[in-house]
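One structure is given here, and the rest of the page talks about it.
Derivation of every value follows stated rules applied to the coordinates shown; laboratory data play no part. Predicted model only: the values in this text are computed from it and were never measured. So basically every Cβ, Gly included, is an ideal-geometry build from the backbone, and we count neighbours across all protein chains shown.
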Amino acid sequence: PRTARIAVIAGDGIGTEVIPAGIDVMHRAAGMDGCTLEFTEFPWGCEYYQRTGTMMSADALDILSDFDAIYLGAVGAPGVPDHVSVWELILPIRQRFDQYVNLRPMRLLQGVPGPLAGRSPADIDMVCIRENSEGEYSGLGGRMHRGTKHEVAEQTGLFTWRGIDRIARYAFELAQRRPRKLLASATKSNALQHSMVLWDEVVESVAADYTDVTCRKYHVDALAARMVTHPQTIDVIVSSNLFGDILTDLGAAISGSLGVAPGANINPERTHPSMFEPIHGSAPDIAGKGIANPIASIWAGALLLDHLGMTAAHDRMVRAIERVVGEGGPRTPDLGGTANTRDVAAAVTDALS
Ligand code: NAD
Ligand code: MN
């Protein structure tokens, strides 16, 4: 039994609806082992930005550094440019805390009506290990002759040997622990002859240390197609920042809904807090209606507890999700049901055992 301190940034839109649901389930799941969770909520996000001109307070990163983990909903609101919400909140947290692994499970849960005909949960069970600290989201670049017809924009991807080596090792180690021991490296070295050729070379050199893992490289476009046509052949994926961003929304879609897909931003060395979030955004189209699917956030909360060593609570939460989804429990409209966020959260809490 132990106590963990968790910083909560529910953020905007449906973030403020699904995060309270996740907190309820986490409290109950951890409490069943005598563990106590202390949640501290921070009001950062687009509303805060509209009031103050910044997405977070100036000392936000120092404040967050004292917590055991961070639980994030989503940020983004009409009226605030998306690059502001991303670059002033999510990316600073990922970068300051060196959360260089973005781990995203993509599983078709029993009972979920996925969009791929004839596919069962045995066919769709993948994890993407997305590089989360550099690559295409380095922030480097600029615009010239702004606002004229001579305007030029340059966006630079930054790939380092060390950055690729550490993400590849994390992915190989995960693949090694899974029964199929397969790793798909997402590349595009045919067209990106600098960054992705380095990517391929480093992944190949790391592969030599993990000879029990079968590693294959796929061009990212072909891999996207393969995830739809032959999902059963994919186990662990290792990818750059942009490629993983795209592949994991695709993975969420073939798992039934963005509303079920969790993500973990991990600092494997544990020198800084890690951050756990649903991979979806603030969904302004359904915000305020109370019908957002809380499963992605509940599952992200389970990953958070697992990271803190509360493995039993993690397993209990995932089993409860599987039970509610698989045994005809309440479902939100994205999964074809008519239930609301609270109904689903309450059903998952009741199914904890
Ligand atoms: P989105 O993920 O918010 O929504 C895409 C679609 O999926 C919408 O139709 C939405 O209703 C649906 N959806 C998403 N989550 C759902 C859930 N839990 N239950 C049911 N349906 C769900 O992506 P978007 O529309 O491209 O972006 C909206 C805003 O969110 C933008 O401001 C964007 O920048 C932001 N965003 C933030 C994050 C983040 O905070 N990590 C991630 C992605 C997008
Ligand atoms: Mn995304």
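Summary of values
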{"read-out": "Whole-number D in µm²/s for the range 205-353 (Stokes-Einstein; Kirkwood sum over Cα pairs; 10 °C, 1.306 mPa s)", "value": "92"}
{"read-out": "Whole-angstrom Cα spans of the range 259-332 along principal axes, big to small", "value": "39, 30, 14"}
{"read-out": "GluC sites (Glu not before Pro) restricted to DSSP loop in the range 150-236 with at most 10 other C-beta within 10 Å", "value": "E151"}
{"read-out": "Within-10-Å neighbourhood charge of A10 [Cβ basis; K, R +1; D, E -1]", "value": "-3"}
{"read-out": "Dipole magnitude of the range 115-254, debye to nearest 20 (Cβ charges: Lys/Arg +1, Asp/Glu -1, about Cα centre)", "value": "160"}
{"read-out": "Cα-centre dipole for the chain with unit charges at Cβ (Lys and Arg positive, Asp and Glu negative), debye to 20", "value": "540"}
{"read-out": "Per-residue HN-Hα couplings for the range 144-149 [Karplus 6.51, -1.76, 1.60; θ = phi - 60°; Hz; x = Gly/Pro]", "value": "10, 6, 4, x, 10, 7"}
{"read-out": "Ranked list, fewest to most other Cβ atoms within 10 Å of each Cβ, for H314, H280", "value": "H314, H280"}
{"read-out": "Cβ-Cβ FRET estimate between R319 and D82, R0 fixed at 35 Å, reported to 0.05", "value": "0.45"}
{"read-out": "Packing-based exposure ordering (other Cβ within 10 Å, fewest first) of D315, D334", "value": "D315, D334"}
{"read-out": "Net +/- balance of residues flanking G141 in space, Cβ distance below 15 Å, scoring K and R +1, D and E -1", "value": "-2"}
{"read-out": "Fully extended contour minus Cα-Cα distance, from L61 to E38, at 0.36 nm per residue", "value": "6.4 nm"}
{"read-out": "Part-to-part distance (alpha-carbon centres) for the range 90-104 and the range 118-180, which is given in Å", "value": "12"}
{"read-out": "Charge dipole (the range 115-254, unit charges on Cβ, about Cα centre) - positive-most of Q155, L182, M126", "value": "M126"}
{"read-out": "Anchor K181: lysines whose Cα lies under 25 Å away (excluding residues fewer than 8 positions away in-chain)", "value": "K217"}
{"read-out": "For W199, net neighbour charge (Lys/Arg +1, Asp/Glu -1) across residues whose Cβ lies under 10 Å away", "value": "-2"}
{"read-out": "By average C-beta atoms within 10 angstrom, highest first, the peptides 295-307, 5-17, 120-132", "value": "295-307, 5-17, 120-132"}
{"read-out": "Euclidean distance of C-alpha centroids, the range 212-271 and the range 44-66, integer Å", "value": "31"}
{"read-out": "The range 115-254 shape via C-alpha gyration tensor axes, a/c threshold 1.5", "value": "oblate"}
{"read-out": "Cα gyration tensor shape for the chain, rounded if a/c is under 1.5, else prolate or oblate", "value": "rounded"}
